1. Calculate the translational D of the stretch A:5-56 in whole µm² s⁻¹ from Stokes-Einstein, where the hydrodynamic radius comes from the Kirkwood formula applied to all Cα pairs, the temperature is 25 °C and the viscosity 0.890 mPa s.
2. Output the relative contact order of the stretch B:3-135, whole-number percent, from Cα pairs under 8 angstrom with separation of 6+ residues.
3. May I ask for log10 I(q)/I(0) of chain A at q = 0.08, 0.10, 0.16, 0.19 Å⁻¹, from a Debye sum over the Cα atoms as equal point scatterers with solvent left out?
4. Compare A:PRO73, A:PRO129, A:PRO159 in a GNM of chain A, Cα atoms joined below 10 Å, and give the one with the largest fluctuation.
5. Taking θ = phi - 60°, what integer Hz values does the Karplus form 6.51 cos²θ - 1.76 cosθ + 1.60 yield along the stretch B:42-50, in sequence order, with x for Gly and Pro?
6. What does the helix-only formula give at 222 nm for chain A: each DSSP H stretch with n ≥ 4 adding -39500 (n - 2.57), the total divided by the residues, and the result rounded to the nearest 500 deg cm²/dmol?
7. Taking H as built 1.01 Å from N, whose amide H comes closer than 5 Å to the amide H of B:VAL9, not counting residues under 5 places away?
8. Please list, in chain and number order, the residues 5+ apart from A:TRP163 or on another chain whose amide H is under 5 Å from its amide H, with Hs placed from the backbone.
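Every number in this text was worked out from the coordinates using simple rules, so none of it is lab data. Computed from a prediction, not measured in an experiment: that's the story for all the values here. Note: ideal-geometry Cβ built from the backbone for every residue, glycine included; neighbour counts use all protein chains shown.
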Amino acid sequence: MEPPAQRKVALIAHCLLNQNAKVCEGARYPALVSPVIAALRERGYELLQLPCPELAFAGTRRWWAVYEQYDTPAYRAHCRRLAQAIAPRIAAHLRAGAEVVLIGLDGSPSTGVRFTSSKRDWGGRPNRPQDDWDIVPGRGVWIEELEAELARRGLPAVPATGWALDMGRYDETGASRDLEEFLDQRALAASAGRDDPVTL
Amino acid sequence: MRGWRIALVGDALLNPPSTPGVRPIDALRLLEQSAYGVLQLPPPGEHRLLLAVIADQIAEYAHHGYAVVALGVCEEPGQGLHWRRLAPLLRHRGVALPPRHLVRCQGDAEVESARLTAFLQAYDLPPEEQRRWRG
């Protein structure tokens with residue numbers, strides 16, 4: 001008899017399901033980022049939407065910012081509160097043996113996974129020319145705090161990638177290719193590891 | 001580009017359980033077609049801090065010109081909306097309770113899809129509120 005299919009859960013950056021949460025001028029879709037949702041649903045992932053830390057902290061009318069501007073004690077404390085709110089749901093899935101992945105937002109100062117945005121001298125009036133920031137390897141502040149909260153609870157690191165929405169010039173085709181490669185690699189890894197499940 | 005409309009969505013609508021003989025409606029597709037962003041509610045259970053976090057986000061939208069609705073499921077405990085806890089959290093933040101629509105998951109998918117689409121397309125803020133906030 002075939003064992004039951006492993007449950008698959010995708011933790012997704014808030015704005016992938018709700019572009020209204022994006023910073024001023026940052027929304028690329030009216031509602032949800034359909035290529036991400038389609039790729040996940042086609043592969044049988046349940047969706048678990050993360051809270052948006054920037055919206056709850058700085059509001060719907062906030063300007064854009066870089067990592068250094070959000071790297072403050074108050075913002076990190078806010079992110080920790082959000083992480084404590086969502087961590088029990090993530091922990092329940094991990095402890096039940098689900099395959100969990102995290103899809104963040106590359107280039108975001110908060111939700112970046114592979115890349116975040118950086119500019120040490122940004123501040124004051126936001127009148128800089130377009131693309132006048134650097135994209136650097138690294139996590140955003142929210143993802144750092146979320147991963148730290150999961151680690152504090154003794155949970156394993158969740159395989160993660162980012163949808164390249166905030167990298168400057170947006171390339172939907174390239175972002176789709178990256179995401180699908182990541183998900184297909186996860187499928188291969190999961191099928192290889194089914195005889196050796198991680199016990200939490 | 002943003003759609004200015006948000007739906008609080010019960011988890012069972014976003015991640016419908018697979019039930020033999022029941023074809024669930026594709027709520028995400030319908031929401032996208034009507035340009036609603038999604039705010040996912042957790043499944044039934046105790047989620048005090050998470051619901052407070054969600055209420056904060058709803059308040060931010062409701063106070064700045066976004067239309068907010070809530071979509072639940074008839075067959076779920078509390079319709080999957082956590083209304084007994086969420087409603088006082090919203091009132092405490094000065095937010096009028098969003099209009100609610102309940103989907104019958106055991107019902108005919110085409111009928112339920114048409115009902116949901118009609119609800120989503122009919123709702124928005126009054127025109128003067130839209131002009132004030134959305135330019």
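1. Roughly 210 µm²/s, to the nearest whole number.
2. So the answer I get is 31 percent.
3. At q = 0.08, 0.10, 0.16, 0.19 Å⁻¹ the computed log10 ratios are -0.27, -0.42, -1.04, -1.43.
4. So, out of A:PRO73, A:PRO129, A:PRO159, the one fluctuating most is A:PRO129.
5. Karplus values, whole Hz, x for Gly and Pro: x, x, x, x, 8, 9, 4, 5, 5.
6. On the way: 6 runs with 75 residues, N = 200.
Computed ellipticity for chain A at 222 nm equals -12000 deg cm²/dmol.
7. Those qualifying (amide H under 5 Å, at least 5 residues apart or on another chain) are B:LEU39, B:GLN40, B:LEU41, B:LEU71.
8. Hits under the 5 Å cutoff: A:GLY104, A:LEU105, A:ASP106.
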